[in-house]
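Each remark here refers to the structure printed beneath this line.
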Amino acid sequence: MTSLGAVFRPQLSPERLRDVVRVAEGVGLEELWLWEDCFREGGVSAAAAALAWSERLRVGVGLLPVPLRNVAVTAMEIATLHRMFPGRPIVGVGHGVQDWMGQVGARAESPLTLLREHLDALRALLRGERLTVDGRYVHLDDVALDWPPAGPVEILAGAEGPRTLRLSGAAADGTVLTAATSPDRLRRALGLVEEGRSAAGRRGAGEPHKVVVYLLTATGPDAPARLRAELVAEGLEAVPDLGVAGDAGAVAKAVQRLVEAGADTVILQPTADEADPEGFVRFTAEEVRPLVP
């Protein structure tokens, strides 16, 4: 069964999150995703609050930029979330926006090397291993978590370019793809992910790889104009079959096209000018969800 969720976009102030979480919990939304965009809400702090305000809602962070974080701190925070709210946090890590990383003095000369080192160390720490690592970016001296998660934890990687997609397949438990991913782009991306999995010996090894895709979504009487305005603003208006505008039926068909292309989870991403985030969550859970197998 396809998992379906919605994004709480960080253009909304942090104090709006509680009401959105309460609505999401009340209408049975499966997943609410948050972003750690510079320089808005913190991903872990917002996720912890959302998890505390709910009982069954799964909360995703897509994603934590690794240049901003020491891997031991990332592991401590993820482990704490999973011990307090077992099975409900979903965390992705990634390069971050390079201009933003430069603004804070954290831009890496080799983002790919940093992400690989971070993923390898993070997943090992969350498995309860004790590590000594002297990499190009990650340095650990006899480090282990006192409170590792009680069970296995999936770590996803945000990926766009070919090398990062292959790395995600080789070193992460899943891949998060942006709303710039059409069904055709998704198929090509998953081919690269599978190349990485094959090179790492992970294909056929009983290791599933979760695929999460954002779908830019607008609904309501002005939906087509709002969708087009956002695509134009992002320089994506020339990409065919990107985003969806319309009623629940139209959105469900767009979700299904992504599922047929290989998505396990589709997260509806409202346009930045969405004035009713609570209404968007209700629309996702009450109108779109029943139409998605």
Residue 90 fails exactly one of (1) touching a residue at least 40 places away in the same chain (Cβ under 8 Å); (2) assigned to a helix (DSSP H, G or I), namely (2)
Taking the stretch 267-289 as the region of interest, how many residues are buried (at least 19 other Cβ atoms within 10 Å of the Cβ) and free of Cβ contacts under 8 Å to residues at least 12 places away in the same chain? 0
Can you tell me which residues in the stretch 173-187 are surrounded by fewer than 19 Cβ atoms within 10 Å (Cβ to Cβ) and either more than 19 Å from the chain's Cα centre (by Cα) or closer than 16 Å to residue 267 by Cβ (or both)? 178, 180, 184
Filter the stretch 189-228 down to the residues that are over 19 Å from the mean Cα position of the chain (by Cα) and basic (Lys, Arg), then identify the one that is nearest to residue 247 (Cα to Cα). 226
Within the stretch 5-12, identify whether any single residue is within 22 Å of residue 145 (Cβ to Cβ), within 18 Å of the chain's Cα centre (by Cα) and not hydrophobic (A, V, I, L, M, F, W, C), and answer yes or no. no
Taking the stretch 53-73 as the region of interest, how many residues are without any contact (Cβ under 8 Å) to a residue 60 or more places away in the chain and in contact with a helix residue (DSSP H, G or I) (Cβ under 6 Å, 6 or more places away or on another chain)? 8
Is at least one residue of the stretch 14-27 in a loop (DSSP other than H, G, I, E, B), free of Cβ contacts under 8 Å to residues at least 60 places away in the same chain and not aliphatic (A, V, I, L, M)? no
Would you tally the residues in the stretch 41-60 being touching a strand residue (DSSP E or B) at 6+ places or on another chain (Cβ under 9 Å) and either assigned to a loop (DSSP other than H, G, I, E, B) or under 22 Å from residue 102 (Cβ atoms) (or both)? 4
Out of 145, 125, which single residue is crowded, with 22+ Cβ neighbours inside 10 Å, at negative phi and aliphatic (A, V, I, L, M)? 125
Selection from the stretch 188-205 of residues crowded, with 16+ Cβ neighbours inside 10 Å and at pLDDT 95 or above yields 189, 190, 192, 193, 194, 195, 196, 197
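Got a sec? Which of 264, 241, 222 is out of contact with any Phe, Trp or Tyr (no Cβ under 9 Å at 6 or more places or on another chain) and touching a residue at least 60 places away in the same chain (Cβ under 8 Å)?
264
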Residue among 236, 231, 227 that alone is surrounded by 15 or more Cβ atoms within 10 Å (Cβ to Cβ), at pLDDT 95 or above and in contact with a helix residue (DSSP H, G or I) (Cβ under 9 Å, 6 or more places away or on another chain): 236
Selected residue [in contact with a Lys or Arg (Cβ under 9 Å, 6 or more places away or on another chain), farther than 25 Å from residue 58 by Cα and not hydrophobic (A, V, I, L, M, F, W, C)] from 173, 241: 241
Tell me which residues, restricted to the stretch 206-221, are modelled with pLDDT under 95 and either out of contact with any helix residue (DSSP H, G or I) (no Cβ under 9 Å at 6 or more places or on another chain) or surrounded by 15 or more Cβ atoms within 10 Å (Cβ to Cβ) (or both). 206, 208, 220, 221
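The values are calculated or read from the model by the stated rules, or taken from the named source; none is laboratory data. The structure presented is a predicted model; accordingly, all values stated were derived computationally and were not measured. Cβ: placed from backbone, ideal geometry, glycine included. Neighbour counts: every protein chain shown.
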